[in-house]
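Please find one structure pasted underneath; my questions will follow.
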Amino acid sequence: MAKPSSPAQRGKGRPPSIDRIAALDAAVLTFWEKGYEGASLTDLTNAMNLSRPSLYSGFGDKAQLFDAALMRYAQTIGSAPMAAFEAEPDISKAIRAFLSEAAAGNTTPGHPCGCLIGCCAATAAESDPNVRRRLNQLLSDTQSRLAKRFEAEPKLPGHFSARSRAAMMLDFMNAQAIRARSGATQDELMEDLDMKVHAVLGAQDNSERSLT
């Protein structure tokens, strides 16, 4: 008969395993609410239900955790506008869907207002080159995906490039996030949606309009 394993053999004293997804989602909400600088290690460990040694062993330092939180946000909550844009076959409706999903995500009950990337990462990027590189990568990737769709739309006016349309979409999205952070409601963010869609489509060149 086999002997029962000793406490040492059963891993006595071994730290409990970490639910990385749950812990990372808690970090996302903490950084989103308090910002990178405002979120203390105590805030993070309390929200993630981890000790400091467990946080360091599981995620690295605070900067590494913030980077992981940005990627988690981009792949989950932050992916909704692009998913809506790419799912809609009509380009006008796709633009509307993108900005509508962004407005909804910026004002979701139970979540902090604004956007982790557009508000918190943008603020931290000024002083942290690693955050700045990650922010540039996330924005560049989004702009490229938007531009690829616009390039495939031959009926759009040619005076406005695909990358310019994509940049305008990013500008509108990030402006919505800042307004939401300052207290704007979803309805308020949607008030000028028709104007934004018209601007991105570039239905009429401003120079042509001035001549009529």
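Going residue by residue through the range 202-212, is there one that turns out to be open to solvent by 70 Å² or more (accessible area, probe 1.4 Å) and at pLDDT 95 or above?
Our first condition is that a residue be open to solvent by 70 Å² or more (accessible area, probe 1.4 Å); within the range 202-212, this holds for 204, 206, 208-212.
Retained after the next criterion (residues that are at pLDDT 95 or above): none.
Within the range 202-212 (the criterion being open to solvent by 70 Å² or more (accessible area, probe 1.4 Å) and at pLDDT 95 or above), the answer is no, since none of the residues qualifies.
Would you check which residues across the range 113-138 are open to solvent by 30 Å² or more (accessible area, probe 1.4 Å), part of a helix (DSSP H, G or I) and either over 19 Å from Arg179 (Cα atoms) or in contact with a His (Cβ under 8 Å, 6 or more places away or on another chain) (or both) and list them?
Pro129, Asn130, Arg132, Arg133, Arg134, Asn136, Gln137
Would you point out the residue of the range 44-69, among those that are among the charged types (D, E, K, R) and touching a helix residue (DSSP H, G or I) at 6+ places or on another chain (Cβ under 8 Å), that is most open to solvent (accessible area, probe 1.4 Å)?
Restricting attention to the range 44-69, the residues satisfying the condition of being among the charged types (D, E, K, R) are 52, 61-62, 67.
Going one step further and asking which of them are touching a helix residue (DSSP H, G or I) at 6+ places or on another chain (Cβ under 8 Å), we end up with 52, 62, 67.
Numbers: Arg52: 111, Lys62: 43, Asp67: 48 Å².
In this case the residue turns out to be Arg52.
Residues in the range 70-112 that are surrounded by fewer than 19 Cβ atoms within 10 Å (Cβ to Cβ) and not in a helix (DSSP H, G or I): how many?
8
Within the range 187-196, is there a residue that is in contact (Cβ under 8 Å) with a residue 60 or more places away in the chain, open to solvent by 40 Å² or more (accessible area, probe 1.4 Å) and acidic (Asp, Glu)?
Step one: of the range 187-196, the residues in contact (Cβ under 8 Å) with a residue 60 or more places away in the chain are 189-190, 193, 196.
When the remaining residues are screened for being open to solvent by 40 Å² or more (accessible area, probe 1.4 Å), the result is 190.
In the following step, the residues that additionally are acidic (Asp, Glu) were identified as none.
Within the range 187-196 (the criterion being in contact (Cβ under 8 Å) with a residue 60 or more places away in the chain, open to solvent by 40 Å² or more (accessible area, probe 1.4 Å) and acidic (Asp, Glu)), the answer is no, since none of the residues qualifies.
The values are calculated or read from the model by the stated rules, or taken from the named source; none is laboratory data. Predicted, not measured: the structure shown is a model, and the values here were computed from it. Counting neighbours? That spans all protein chains shown, and the Cβs are built from the backbone with ideal geometry, glycine included. Heads up: the accessible areas ignore ligands, DNA and RNA and are worked out on the full protein's heavy atoms, side chains in. Shrake-Rupley method; radii C 1.70, N 1.55, O 1.52, S 1.80 Å.
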